[in-house]
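Notes follow the structure.
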Amino acid sequence: MNFEVAFSGHKNIRSLHTGTIEITRDSDLTPSGDCVIGVNADHACSDIPHAIKARLQDASTRVTLKITVEDMAFELHGRGDPAISLGHERDIVIRRSMFVCPRTLAVGADAAADAISRRMVRALRNPDSGGTLLITV
């Protein structure tokens, strides 16, 4: 099962966080949001279809997350957890840790924002750029 989230770039994208990657519906971003890689997202955790939510609430589920920007792609993997609620109406967060809150899409990820290529980050600093997050369970 797949679900795609489209998002836009922003001049303050830094992609330096070593523990998370975040995409938000918010349109503004301060430089302190160093895990955010996209703004103006067309979906948040609360929009994920029920069938995918059910799979993400299973600890045995493996999740593939593919971020595509222009001709570049970055793929990471995480897993589900029974505590995942996917209730947040603004954000999607992928975590290396096992911490879960309503913003959490997946835990135990094998990468975070700091692993994204600097070329992709430069492209995401352009507010006219955009990308997609493909969630596959």
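Quick notes
- Model label points for residue 71 and residue 125, set 7 angstrom from Cα along the Cα-to-Cβ axis, are 2.1 nm apart.
- Linear extension gain, residue 118 paired with residue 32, 0.36 nm per residue minus alpha-carbon span: 29.2 nm
- Net charge, residue 68 excluded, C-beta distance under 15 Å - Lys, Arg +1, Asp, Glu -1: -3
- Take every Cα pair under 8 Å whose residues are at least 6 apart in sequence, average their separation, divide by the length of the chain, and the relative contact order is 36 percent.
- Two-site label geometry, residue 97 and residue 58: point separation in nm, points 7 Å out along Cα→Cβ: 2.8
- Counting Lys and Arg as +1 and Asp and Glu as -1 over every other residue whose Cβ lies under 10 Å from the Cβ of residue 125, the net charge comes to +3.
- Net dipole in debye of the chain [+1 Lys, Arg Cβ; -1 Asp, Glu Cβ; about Cα centre; nearest 20]: 280
All of the numbers you see were taken from the coordinates with simple rules; none came from a lab. Please read all numbers here as calculations on a predicted model, not as lab measurements. Every residue, glycine among them, receives a Cβ derived from its backbone with ideal geometry; neighbour counts consider all protein chains shown.
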